[in-house]
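Notes for the one structure printed next.
The values are calculated or read from the model by the stated rules, or taken from the named source; none is laboratory data. All of these numbers come straight from a predicted model, not from anything done at the bench. Positions of Cβ are backbone-derived with ideal geometry, glycine not excepted, and every protein chain shown enters the neighbour counts. Surface accessibility is based on the protein's heavy atoms, side chains included, excluding ligands, DNA and RNA. Shrake-Rupley method; radii C 1.70, N 1.55, O 1.52, S 1.80 Å.
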Amino acid sequence: KVFNITLEEGFAEALLEKLSPGTADIELTYLQVFLDKIFRIATTDNEVESRDPQITLSLSHLNYIGNVSDLLGSFLDDQIALMTDPEAALTVLKAFVSGKGTKRPASEEETIENVISLGKEISNESVTEFIQTFVKLRLLRDKDDHGRYELRHDSLAEKIFEKFSIAEKELLEIKQMIENAFQYFLKRNLLLNNDDLTFIASKDSLLNLGPELKKFMDDSRRHQKEKQSVFKRLIVISAFAFILLLSTIIYSIVRRTRISDSSKLAKESMTQFNRPVDRLCLAEAAWKDHNGDEAREALLKAFNNSLRNPDNDSNFLKLQKEYLIKCRPVSSIIEFAQCSADNRFIYGYTCDSVFIWNRNGTLNSRFSHGIYPVISMLMSFDGETIGAVNTDSILTVWDNKGNLKFTHKTRYNRINKDQIFRFTKDNRIIVISADKDADLLNLKGDIIQSFNLHKGEVNAVDFSDDGKFIATASSDSKINIWYQNSEKNQYDLYNTLAGNNDTVYCVDFAKNSRYVLSVSSDGRILVTSINGNLVYEKNSKDEVFTDNTLGKPFFSAFDQSGTGIIFKTYKSNKNYNDYFMTAIYTGTEYYIAISGQDAKFDYIGFSPMKKYLVNISGNDVSLISRSISIPTAKVLFNSYRLMQINGQKPFFTPDDQYIFTICGNTLESWFIDIDTINRIADGFYQKWIRYEY
């Protein structure tokens with residue numbers, strides 16, 4: 001009204017709508033800019049047309065100007081152009097725009113970081129000046145309570161965003177993505193994935209990220225590298241596993257084929273050929289295909305058959321002379337025989353004499369053992385001395401030529417005749433005493449020391465393998481352990497084992513000299529450390545006995561290999577002379593030793609080198625492979641019988657090369673060292689094709 005300016009009808013409403021569509025809030029600065037622009041256009045038009053001092057603001061002028069965005073863009077360009085460094089000024093404004101072209105609040109510090117992120121170097125003072133200038137120009141709102149500045153209108157952000165280069169937009173987008181991802185990480189602890197890092201592609205180094213974001217990026221990259229390393233390892237492992245699986249399948253197929261071929265050749269060796277060389281070579285071919293029990297059986301049978309039936313073949317006659325031990329027969333039936341610990345002699349007795357054979361079968365000595373029958377016989381570790389207890393309770397000791405050394409009165413329990421006395425490795429003897437618990441003797445028969453602490457009769461004695469301990473088992477249900485006191489030069493009481501509840505019939509040290517095995521009259525089998533700790537227990541009520549009707553154990557001892565327990569058990573009539581034997585494999589578990597479905601034997605024994613078992617049921621003497629096949633229900637099924645052999649009371653040599661049996665008045669031998677047999681058989685096999693028919 002003052003300046004005679006008129007408005008076209010509807011102009012005010014249209015102007016307000018343009019300034020702020022859909023809302024009643026108006027930014028007065030932009031209203032001023034809008035009116036100023038229209039005024040200048042209207043004034044120019046009026047001067048051109050009529051020089052009339054009255055000015056009219058019309059809708060046509062409003063439409064000509066466009067929307068607020070166009071107006072602000074024009075205003076922005078005008079203001080930037082007036083500044084001394086338009087490029088730097090625009091860069092500062094860009095710091096207040098997000099990657100989506102919207103307003104982004106920022107403090108001075110954040111603005112400085114954002115400017116650097118856009119690849120510009122502007123001093124901190126200049127940034128501050130630009131900010132204040134933009135506040136005065138009403139392009140920025142003054143800082144809020146948090147010290148942050150913000151563009152006054154989204155349209156300004158849009159116009160500024162249009163001025164971003166492609167590279168700047170990309171950097172802005174990347175930074176925005178990193179910041180958003182970091183906020184998400186703080187909530188969910190999720191780092192950037194490999195696709196995100198590929199998109200960023202090390203451009204974060206241009207963004208001047210703060211310490212937190214830098215650590216976030218470093219952690220993300222490290223995590224992805226670890227994942228890639230794990231993935232690569234998984235790929236390698238998977239490839240290896242596949243190759244291993246494939247190899248295993250191929251190996252299994254080949255192995256099954258070889259086992260099948262080996263079985264076929266072994267059966268042919270044992271059933272289809274008569275010539276020793278054919279049988280031995282086919283058995284060797286089976287062994288080359290697979291070192292299984294069938295091939296082992298074929299080799300053992302073929303080799304031992306060739307020794308007994310050389311078929312006038314000079315090669316086998318030579319083998320017979322070298323490997324078949326023929327012991328000289330004696331005048332009466334042999335009742336007992338065993339190999340000496342030093343492997344030089346075989347000793348035994350008949351009803352009237354003691355016989356000692358050299359290892360090659362020649363007779364070393366023969367002498368009378370007296371008028372009373374022998375019930376127990378042992379040879380010293382060095383093979384120079386032999387001792388025997390007769391039914392008159394006299395211990396007699398000779399040298400290996402039969403010269404008497406001494407006699408000593410003893411006693412014994414009829415239940416256990418096997419542990420009346422023992423030799424030590426340094427040639428001393430522990431023996432049950434006639435009037436005390438036990439006596440320690442030298443080889444002259446002198447009593448070195450007597451033991452007498454039990455309240456009942458002693459039924460068994462034993463020496464540990466290392467010679468440091470003596471054990472005495474008594475009817476007072478106790479086992480006394482004595483240790484060698486080197487200072488006193490005698491044995492002192494070490495410990496009393498009171499784990500048995502009744503008469504202790506037997507006691508036996510384990511090979512490591514730290515455990516003892518015992519059986520008491522209530523049928524309990526105990527393995528106890530010399531310190532009194534119970535290691536293993538079985539009794540006649542356990543399922544392992546009742547299920548197999550094994551009766552009631554009354555004697556037990558470790559086998560020569562130290563990995564098995566052999567025990568005798570009587571039937572319900574309690575006739576100790578009518579007993580049978582069985583055994584237990586020892587290890588991490590204890591298993592009843594079974595041949596086929598039979599767990600009760602007239603005799604059973606383990607080979608010293610842990611390769612074989614031998615058992616007797618009636619007249620059937622069987623050599624069994626000790627390789628374990630199927631453990632189930634505490635029982636080991638291994639029914640593979642390698643050989644049936646003649647005779648009774650079999651025994652192994654300490655080196656596992658031979659097994660002997662008593663056959664009336666002589667001994668028979670079988671050579672069972674499979675490695676030697678394999679070497680010999682291979683020599684024949686290599687020349688078999690040229691062997692004369």
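Things to note:
- Share of carbon and sulfur in the accessible heavy-atom surface of the chain [1.4 Å probe, %]: 50
- Rounded to the nearest 20 debye, dipole of the chain from Cβ charges on Lys, Arg, Asp, Glu: 4660
- Take the Cα of residue 39, step 7 Å toward its Cβ, do the same at residue 335, and the gap between the two points is 14.6 nm.
- In this rough spin-label picture, where each label sits 7 Å from Cα along the Cβ direction, the residue 536-residue 1 distance is 12.1 nm.
- Around the Cα centre of region 209-325, unit charges on the Cβ atoms of Lys, Arg, Asp and Glu (plus for the first two, minus for the last two) sum to a dipole of about 620 debye.
- Global geometry of region 109-167, whether rounded, prolate or oblate, following the gyration tensor of its Cα atoms and the 1.5 cut on a/c: oblate
- Rel. contact order, % - alpha carbon contacts under 8 angstrom, at least six apart, the chain: 7
- FRET efficiency for residue 436 and residue 404, using Cβ-Cβ distance with R0 set to 35 Å, rounded to 0.05: 0.90
- Label-point separation, residue 74 to residue 154 (7 Å along Cα→Cβ), nm: 2.3
- Convex hull of region 434-547 built on C-alpha atoms - directionally averaged projected area, nm²: 7.7
- Kirkwood-based shape ratio for region 301-365, expressed as Rg/Rh from alpha carbons: 1.07
- Per residue accessible area of region 447-499, 1.4 Å probe, in Å²: 47
- Given charges at Cβ of Lys, Arg, Asp, Glu: the chain dipole, positive-most of 262, 374, 62: 374
- Packing-based order for 317-330, 612-625, using average beta carbon neighbours within 10 Å, highest first: 612-625, 317-330
- Hydrodynamic radius by Kirkwood, which averages 1/r over all alpha carbon pairs of region 198-324, in angstrom: 20.1
- Segment residue 142-residue 173, length gained on full extension (0.36 nm per residue, minus Cα span): 8.6 nm
- Theoretical ellipticity at 222 nm over the chain - DSSP helices of four or more residues, -39500 (n - 2.57) apiece, nearest 500: -11500 deg cm²/dmol
- Note on residue 487/residue 411: beta-carbon distance plugged into 1/(1 + (r/R0)^6) with R0 of 35 Å gives a FRET efficiency of 0.60.
- In the chain, the ratio of gyration radius to Kirkwood radius, Rg to Rh, stands at 1.49 when only Cα atoms are counted.
- The GluC sites (Glu not before Pro) of region 112-153 that DSSP puts in a loop, and whose beta carbon has at most 14 other beta carbons within 10 Å, are 121.
- Two-decimal Rg/Rh across region 383-422, once Rg and the Kirkwood Rh are taken from alpha-carbon atoms: 0.99
- J(HN,Hα) series, region 456-466, from Karplus relation 6.51 cos²θ - 1.76 cosθ + 1.60, nearest Hz, glycine and proline x: x, 5, 7, 10, 7, 9, 7, 9, 6, 4, 7
- Two-site FRET efficiency, residue 108 against residue 236, from Cβ-Cβ distance with R₀ of 41 Å, rounded to 0.05: 0.20
- For region 79-187: accessible area per residue (Å², 1.4 Å): 52
- Residues whose amide H falls under 5 Å from that of residue 560, counting only those 5 or more places apart or on a different chain, are 606, with hydrogens built in the peptide plane.
- Normalised size of region 221-280, defined as Cα radius of gyration per 2.2 N^0.38 Å with N residues, equals 2.29.
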